[in-house]
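Peer 1: This is the structure I have questions about; it appears just below.
The values are calculated or read from the model by the stated rules, or taken from the named source; none is laboratory data. Keep in mind the model is a prediction, meaning the values are calculated, not measured. Neighbour counts run over all protein chains shown; Cβ positions are idealised from the backbone, glycine included. These accessible areas exclude ligands, DNA and RNA; they are computed on the full protein's heavy atoms, side chains included. Shrake-Rupley method; radii C 1.70, N 1.55, O 1.52, S 1.80 Å.
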Amino acid sequence: MQERQTKQKQIIYDALKTLDHPTATEVYGYVHDLFPKVSRATVFRVLGGFATAGKAIELRMAGSEVRYDYNVYPHCHARCVLCGKLSDVEVQGLPSEGLRASTCNGFEVEGYAVEFHGKCRECKSVALS
Ligand SMILES: [Zn+2]
Ligand SMILES: [Zn+2]
């Protein structure tokens, strides 16, 4: 039992790396192809566990399902407006301690996402051809 759980976790973690900022549904699709016995609930639970344990980040972006990122180092993302793909981007000029909201009107901040948008390499080349 224990061993099976460890293996499932490993596969789900591999999916995060392979799929590049996937949603939980995409992770489930990937894992399910390899191991049809793994349930959707297990995938969601394991992903939540990764986030709690600091092994992955939950990316909450407006108008989008939560995405998961195995790269837990603070970084920003660019989203393709055509296909929705997220890419890691390096940003100049961000304070190393991160951004802080000073007036929140009682809002309790849990995190933030800086998102750039544009067209990814693939979509750009399609548009040009
Ligand atoms: Zn694209
Ligand atoms: Zn990322």
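Peer 1: Among (1) away from ligand 2 (no atom under 15 Å from the Cβ); (2) under 21 Å from His32 (Cβ atoms), there is one condition Tyr70 misses while meeting the rest; what is its number?
Peer 2: Of (1) away from ligand 2 (no atom under 15 Å from the Cβ); (2) under 21 Å from His32 (Cβ atoms), only one is false for Tyr70: (1).
Peer 1: Okay, moving on. Given Thr52, Thr103, Thr42, which one is surrounded by fewer than 11 Cβ atoms within 10 Å (Cβ to Cβ), closer than 24 Å to Gln5 by Cβ and β-branched (Val, Ile, Thr)?
Peer 2: Working: Thr103 fails: closer than 24 Å to Gln5 by Cβ; Thr42 fails: surrounded by fewer than 11 Cβ atoms within 10 Å (Cβ to Cβ).
It is Thr52.
Peer 1: Tell me, yes or no, whether segment 92-100 has at least one residue that is in a loop (DSSP other than H, G, I, E, B), open to solvent by 50 Å² or more (accessible area, probe 1.4 Å) and either modelled with pLDDT of 90 or more or within 12 Å of ligand 2 (Cβ to nearest atom) (or both).
Peer 2: no
Peer 1: (1) of a type outside the set (Asp, Glu); (2) within 29 Å of Ile11 (Cβ to Cβ); (3) free of Cβ contacts under 8 Å to residues at least 24 places away in the same chain: which one isn't true of Ser87, the others all being true?
Peer 2: With (1) of a type outside the set (Asp, Glu); (2) within 29 Å of Ile11 (Cβ to Cβ); (3) free of Cβ contacts under 8 Å to residues at least 24 places away in the same chain applied to Ser87, the lone miss is (3).
Peer 1: Given the residues Leu19, Leu34, which is the only one that is more than 25 Å from Glu110 (Cβ to Cβ) and free of Cβ contacts under 8 Å to residues at least 24 places away in the same chain? Outline the logic, then answer.
Peer 2: Numbers: Leu19 fails: more than 25 Å from Glu110 (Cβ to Cβ).
Among Leu19, Leu34, only Leu34 is more than 25 Å from Glu110 (Cβ to Cβ) and free of Cβ contacts under 8 Å to residues at least 24 places away in the same chain.
Peer 1: Scan segment 78-91 residue by residue and report those that are within 10 Å of ligand 2 (Cβ to nearest atom) and under 15 Å from Thr23 (Cα atoms). Write out each step before concluding.
Peer 2: As a first pass, look at segment 78-91 and keep what is within 10 Å of ligand 2 (Cβ to nearest atom): 78, 86-89.
Of everything in segment 78-91, those that are within 10 Å of ligand 2 (Cβ to nearest atom) and under 15 Å from Thr23 (Cα atoms) turn out to be Leu86, Ser87.
Peer 1: Looking for whichever is in contact with a Leu (Cβ under 9 Å, 6 or more places away or on another chain) and either within 25 Å of Gly118 (Cα to Cα) or at pLDDT 90 or above (or both) here; the options are Leu82, Leu16, Leu34. Which one fits?
Peer 2: After applying the criteria, what remains is Leu16.
Peer 1: Here is a further query. So which residues in segment 1-18 are open to solvent by less than 70 Å² (accessible area, probe 1.4 Å) and in contact with a Phe, Trp or Tyr (Cβ under 6 Å, 6 or more places away or on another chain)?
Peer 2: Ala15, Leu16
Peer 1: Taking segment 106-129, which residues are more than 16 Å from ligand 1 (Cβ to nearest atom) and open to solvent by less than 70 Å² (accessible area, probe 1.4 Å)?
Peer 2: Result: Gly111, Ala113, Val114.
Peer 1: Something else about it: Looking only at segment 55-91, which residues are farther than 22 Å from Tyr28 by Cβ, outside any loop (DSSP other than H, G, I, E, B) and either open to solvent by 30 Å² or more (accessible area, probe 1.4 Å) or within 16 Å of ligand 1 (Cβ to nearest atom) (or both)?
Peer 2: Correct list: Ala78, Cys80, Ser87, Asp88, Val89.
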